[in-house]
């Protein structure tokens, strides 16, 4: 492990977490995916393609499972609050109460 790799990992994790906080979409596995790539654990370009295919498969699986149980997914719009502002989705009940 070189200092350059550690610096790249720190920078990439910082940017990933910063963007997730900015957009209010916390998702810890996104940090793990960032670490895998930035630390150089994938040494071939085709491995990144497999990683992206796995991410796409998980997205499709999440969509299917949530639609089977009646939850709209993905959540592109947050539920309005009494003040009219959009509040972050923090609980499953936030989804079912807004319908």
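What to note about this one:
- Note on the stretch 9-25: residues that are at pLDDT below 90, within 21 Å of residue 52 (Cβ to Cβ) and surrounded by 10 or more Cβ atoms within 10 Å (Cβ to Cβ) total 2.
- Matching residues, the stretch 21-40, being part of a loop (DSSP other than H, G, I, E, B) and over 20 Å from residue 56 (Cα atoms): 23, 24, 39, 40
- Index of the failed condition, residue 24 passing every other in (1) touching a helix residue (DSSP H, G or I) at 6+ places or on another chain (Cβ under 6 Å); (2) touching a residue at least 60 places away in the same chain (Cβ under 8 Å): (1)
- The residue that is modelled with the highest pLDDT, counting only those in the stretch 42-73 that are surrounded by 10 or more Cβ atoms within 10 Å (Cβ to Cβ) and in a loop (DSSP other than H, G, I, E, B), is 42.
The values are calculated or read from the model by the stated rules, or taken from the named source; none is laboratory data. As the structure is a prediction and not an experimental result, all values here were calculated from the model. Note: ideal-geometry Cβ built from the backbone for every residue, glycine included; neighbour counts use all protein chains shown.
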